[in-house]
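Comments concern the structure below.
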Amino acid sequence: MSTSDRGFALLIVAIALATLSLIFAAALGTTHQHLVATTAHLARVRLAAADDGAVTTVAYELATAREIEPTVLTAPQTLDIGGVPVTVRARPEAAKLDLNAASPDLLYRYFLASGLDKTLARHLVEAILARRKDADPAYAKAHDKERGPPFEAVSELFAMKDVTDDVAQCIEPDLTVFTGLVSVDTDDASDRVREAAGLEAKAPSPRRGASAATAGRAVAAGEIFEVTARAHDDETGQTQSRQVVIRVTGNGRTPIWILGVTSPAPDPEKAQAACDRLKPPLKTADISDARR
């Protein structure tokens, strides 16, 4: 074999080795990507299972409570579910405004307290009242028309074109479709709902495990609760949350009914930030007056 032939053969071998190296590197990269994706998926599954376990634990506590107020109703709790820390909290669903029943004046004042301008606040209330009218069987019969459905989910209100992402994120945590109440339980309501009801922001409650006779919080059959669980994985830095609305039935065989599930759960801090963005900035004169 001539020198040129040997050189050409070596060149072919070098090219083949380089190609194999690239294929091997690509295979390693793909394997690493698959490993990372699988690890992240397993972490999400683990967090979801931890959320479910925490919600189930709290739901059982609420369903079996008698004269002792469940601790989770007085302050957030941290549960260890399979080695995963889960922060869980619960409050009566009655602390929220029902789109199908709440007083129009209360709704209007709530929208204003949340940072919406008067035009949008009025527009939302009018849309809510129009939906209620369509869902009223007496109105449908009187006008010989088919009855429309009531609000079946809070998200249905957000389909209106003037409802921005900030508006939806701001007001979602304080609205419900499950209670059918005209008024609201201000003891457990957010500061914005309390402001709409003409009350000041609530100071943190010192009660923990108070008896129902003194706390007034006996859990009765038919009561509805919002249970929110947030699980966190320190290794991956992932957080997963779930909010479940349950009704306590008083039936030993079926102690609770699940009315609704939201995942991820509304975040109170993000909701407040969204509300803050809705409010117009203070003018210089307003700032000067506030400092006096």
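FYI, it's all coordinate maths here, none of it is from the lab. Being a predicted model, the structure only gives us computed values, none of them experimental. We place every Cβ from the backbone using ideal geometry, glycine too, and count neighbours over all the protein chains shown.
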task: May I ask you to sort K96, K133 by Cβ crowding, counting other Cβ atoms within 10 Å and putting the fewest first?
output: K133, K96
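Tell me the relative contact order for the range 66-207 as a rounded percent, counting alpha carbon contacts under 8 Å between residues six or more apart.
Details: 166 pairs, mean separation 47.0, N = 142.
After rounding, I find 33 percent.
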statement: Note: D117 to S155 extended length (0.36 nm per residue) minus current alpha-carbon separation gives 11.7 nm
- line: If N is the residue count of the range 67-198, its Cα Rg over 2.2 N^0.38 Å rounds to 1.24
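Stretch D276-T249 to full length: gain in nm at 0.36 nm per residue minus the Cα-Cα span? Don't skip to the end; give the middle numbers.
Numbers: separation 27, 0.36 × 27 = 9.72 nm, distance 3.85 nm.
Contour length minus Cα-Cα distance gives 5.9 nm.
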- line: For K161, the lysines lying under 23 Å Cα to Cα, once residues fewer than eight places off in the same chain are dropped, come out as K118, K133, K270, K279
- request: For every other residue with a beta carbon closer than 12 angstrom to the beta carbon of I171, add +1 if it is Lys or Arg and -1 if Asp or Glu, then tell me the sum.
  value: -2
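Compute the length gained on full extension between H232 and V45: take 0.36 nm times their separation in residues and subtract their Cα-Cα distance, giving the result in nm to one decimal. Walk me through the intermediate numbers first.
Details: separation 187, 0.36 × 187 = 67.32 nm, distance 1.19 nm.
My answer for the length gained is 66.1 nm.
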task: Give the order of L42, L62 when sorted by the count of other beta carbons within 10 angstrom, beginning with the fewest.
output: L42, L62
message: If neighbour count is taken as other Cβ atoms inside 10 Å, put L278, L47 in order from fewest to most.
response: L278, L47
query: For the range 98-160, what ratio Rg/Rh do Cα atoms give with a Kirkwood hydrodynamic radius?
result: 1.02
